[in-house]
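Every number here is computed from the coordinates shown, using simple stated rules; none is lab data. No experiment lies behind these values; they were computed from the predicted model shown. Cβ sites come from the backbone with ideal geometry, for glycine too, and all protein chains shown count toward neighbours.
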Amino acid sequence: MTEALYQQALPLPDSVIDSAESALRNDMPLARDDKEWLKKIQNSHDRELESLDRLPDFARLTEGKYILNYRNGDDWYDVHPLLRAAIASE
């Protein structure tokens with residue numbers, strides 16, 4: 001990702017962007033049960049909270065930006081775009 005800091009011209013080469021995306025994905029590890037939950041959220045755009053016992057996990061995923069909260073009329077949720085391929089492979 002530091003490679004992007006030394007680029008002098010825009011647009012950045014695809015290799016720099018791919019490297020930065022890969023570095024970010026590596027900093028966002030996913031447990032199997034998190035992947036399953038994120039897949040449900042991606043499909044429904046809702047919290048998919050089965051019980052309030054899962055609230056700390058939901059908070060962990062939103063604070064870590066695994067789940068993004070959008071507010072345009074009603075609140076809705078989606079998965080971070082860089083995680084979509086990892087979730088689709090489950």
Neighbour counts of other C-beta atoms within 10 Å: give me LEU10, LEU68, LEU52, LEU83 arranged from fewest to most. LEU10, LEU52, LEU68, LEU83
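Under 10 Å from the Cβ of TRP76, count the other residues' Cβ atoms, weight Lys and Arg +1, Asp and Glu -1, and hand me the total. Intermediate values should be presented prior to the final figure.
On the way: positive: ARG47, ARG71; negative: ASP46, ASP74, ASP75, ASP78.
Neighbourhood net charge equals -2.
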What number, rounded to the nearest 500 deg cm²/dmol, is the helix-based mean residue ellipticity at 222 nm of the chain, given -39500 (n - 2.57) per DSSP H run of at least four residues and division by all its residues? -13000 deg cm²/dmol
